[in-house]
Amino acid sequence: MSDFSDLILLLGAMVAFSLLSMSTSLTFQSTTDTMIRAELEYRAIAAGQDIIDEVRWITDESKLSSNTSSNAYFKGYPKTRTVQFGESNEYSSQITIDGSSTLISTSSTLNRYLVTVIVEDDYLDPPISDTLKFIKSFNQ
């Protein structure tokens, strides 16, 4: 280091290196947040799809009919499930599942119900909310 200009160049190089280091760190943090959000959304959709799959196998129309609330499939909803995630299941979140069924069309041979399942997970901010819809048909 022979003069003052070398110190200024060294200071500039240190600032440039620290900016690159911070940028790399923020990129890694953003990638981690995206991976966690994607995994939680995947788990929320899987929980909602589980309910849709159960509804798919219903053979008794009265379980989806809103006229027979005592036999309705979605009685007691919303339900809360605890989901664990992470490399060794070290994290957990509460998933709230709500469902409803609505008669959308009726004819002399067929009744159709719109089944709506809403899954919410508030582990992250903003919370994850997914809506799954399925049309179930019953022959008369």
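The values are calculated or read from the model by the stated rules, or taken from the named source; none is laboratory data. From a predicted model like this one, the values you see are computed outputs, not experimental measurements. Glycine also receives a Cβ, built like all others from the backbone with ideal geometry; neighbour counts cover every protein chain displayed. Ligands, DNA and RNA are excluded from the accessible area calculation, which covers all protein heavy atoms including side chains. Shrake-Rupley method; radii C 1.70, N 1.55, O 1.52, S 1.80 Å.
Summary of computed values
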item: Accessible area (Å², per residue) of the chain, counting only protein heavy atoms and a probe of 1.4 Å; result: 69
item: Aspartates and glutamates with Cα under 18 Å of Lys136, excluding same-chain neighbours fewer than 8 positions away; result: Asp50, Asp53, Glu54, Asp60, Glu61, Asp98
item: Label zone at Ile36 (point 7 Å along Cα-to-Cβ), backbone N below 14 Å, the stretch 106-140; result: 122-128
item: Given charges at beta-carbon only (K, R positive; D, E negative), |dipole| of the chain in Debye; result: 920
item: Charge dipole (the chain, unit charges on Cβ, about Cα centre) - positive-most of Pro78, Ala13, Thr102; result: Thr102
item: Per residue convex hull volume, Cα atoms of the stretch 78-140, in Å³; result: 95
item: Label-reachable residues, the stretch 85-126, where backbone N falls under 20 Å from a point 7 Å from Ala46's Cα toward its Cβ; result: 85-98, 117-124
item: Local electrostatic count at Phe74 - Lys and Arg +1, Asp and Glu -1, tallied over other residues with Cβ under 12 Å; result: +1
item: Solvent-accessible surface (1.4 angstrom probe) belonging to Asp60, in square angstrom, nearest 10; result: 70
item: Expected 222 nm ellipticity per residue - DSSP helices of 4 or more, -39500 (n - 2.57), all of the chain, to 500; result: -14000 deg cm²/dmol
item: Percentage, to the nearest whole number, of Cα pairs in the chain over 26 Å apart; result: 50
item: Residue-by-residue Karplus 3J(HN,Hα) for the stretch 50-56, coefficients 6.51, -1.76, 1.60, Hz, glycine and proline x; result: 4, 5, 4, 5, 5, 5, 4
item: Calculated FRET efficiency for the pair Glu54/Asn89, C-beta based, R₀ 25 Å, to 0.05; result: 0.50
item: Whole-angstrom gap from the stretch 123-140 to the stretch 9-47, using each part's C-alpha centre; result: 31
